[in-house]
Amino acid sequence: MTVFIRRWASFLACIPFLSLSACGPKSQAPASEGSKPNARAATPPPVPAELWKEFSGERAFEHVRRQVECGARPAGSTALEKARELILAALKESGWFVELQNFTDSTPRGPKTFCNIIARFPESPGKTAPVSTQKAIVASHYDTKIFSTIEFVGANDAGSSTGALLELSRTLALDPAFASQFELVFFDGEEAVQQFTETDGLYGSRYYARELRDSGRSKQFRFGILWDMIGDRNLNITLPSDSPREMVQGLLSSSQALSVRQCFGILDRPLLDDHIPLNHVARIPCLDIIDFDYPAWHTADDTLDQLSPASLQTVGSVTLHYLKQLLP
Ligand SMILES: [Zn+2]
């Protein structure tokens, strides 16, 4: 994530992105059959009336810890593969079907392969998850920025939102009919290989948004929510100034309803992040929930001790409360 260059908006709106080619197989990996041995016979557990209360900051934090333990996780690294395996295992455990969106793009350091992770939930047990029924996207990036001078483990910048999204997947699964309306996306290659330009950075979200647009799937989505850097123990959410207005109001109302309004504010400028291709290429209104007031951003100090489960809890439950208002 970096400070938005205003030129970007018009650039994104006017010219098509790089032509990227899919190089890897797409796969739909069903949940392990062994995980639900009595699915047909058992009565399904009751759906929680206030789903947002089920989101656990502690559980999210554990996922963050495991991501951080993989070490620096830049695109194409072995550490990122390990991080991806952890994500896949957690999604499958909660019953999500996973598609791996592999592609190659040229970068300032030559061609690189990237892998977005897309998760969908079946409408009823024992069924697969179709690709045509989802109405909303919740996303995070899971790669960390590459540095040659420091060991950058990105606890907040990639770790926090990745861990929270995994906890969200567990929480949503408690309400299958609700969960089936979502597409959860873990973007690869959000970080620039060198410096953010029109063609360096946002690799995963640019590819995903273009696929949505070109396949016609973008029409089925009403909105998207992006999480980025949401674990700072001094939580101060800074919604970019060009965020979709109605979504800002809705999110702030939810923060008010949960008595954490003081943690949410609006930044005095736009930000360049993965929501931009969704807004401008796929044309899906997307809100970037980000805390850009983070002194350790892109430094060796972006470590686990900067974060708190309480902050993850706040963002997770407010977002879920808001999602319940949007898709009751
Ligand atoms: Zn970053």
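Any read-out appearing in this document is the output of simple, stated calculations on the displayed coordinates, not a laboratory observation. Treat the numbers as computed from the prediction; the structure is a model and nothing was measured. Quick reminder, even Gly has a Cβ in these numbers, built from the backbone with ideal geometry, and neighbours come from all protein chains shown.
Of note:
- Hz values of 3J(HN,Hα) by residue in the range 303-314 - Karplus curve (6.51, -1.76, 1.60), Gly and Pro given as x: 10, 4, 5, 7, 9, 9, x, 4, 5, 4, 4, 4
- Each 10 Å bin from 0 upward holds the following percent of the Cα-Cα pairs of the range 36-146: 11, 34, 34, 16, 4, 1.
- 233, 283, 66 arranged by Cβ crowding within 10 Å, fewest neighbours leading: 233, 283, 66
- Total lysine pairs in the chain at Cα distances under 18 Å, for residues eight or more apart or on different chains: 12.
- Sequentially through the range 196-207, phi angles give Karplus couplings (6.51, -1.76, 1.60; θ = phi - 60°) of 4, 9, 4, 10, 10, x, 6, 4, x, 6, 5, 5 Hz, Gly and Pro residues having no value and appearing as x.
- Beyond 15 Å, the tail of the calculated P(r) for the range 241-297 holds 53 percent of the Cα pairs.
- Residue among 280, 63, 141 with the largest mean-square fluctuation in a Gaussian network model of the chain, springs linking Cα atoms under 10 Å: 280
- Fluctuation leader among 75, 158, 296 - the chain, Gaussian network, Cα springs under 10 angstrom: 296
- Dividing the mean sequence gap of close Cα pairs (under 8 Å, 6+ apart) by how many residues the chain holds gives a relative contact order of 24 percent.
- Neighbour counts of other Cβ atoms within 10 Å put 293, 143 in the fewest-to-most order 293, 143.
- Long-range HN-HN contacts of residue 241 with modeled amide H, under 5 Å: 267, 269, 271
- Rg/Rg_globular for the chain, with Rg_globular taken as 2.2 N^0.38 Å and Rg from C-alpha atoms: 0.92
- Placed amide H near residue 137: partners under 5 Å, 5+ positions off or other chain: 183, 223, 224, 225
- In terms of its C-alpha gyration tensor, the range 178-255 comes out oblate, because a/c is 1.5 or above while a/b does not outweigh b/c.
- Stokes-Einstein translational diffusion, the range 182-328 - Kirkwood Rh over all Cα pairs, 1.002 mPa s, 20 °C, in µm²/s: 134 µm²/s
- If you sort the three axes of the alpha carbon gyration tensor as a ≥ b ≥ c, you get a/c of 1.5 or more for the range 265-324 and a/b no higher than b/c, which makes it oblate.
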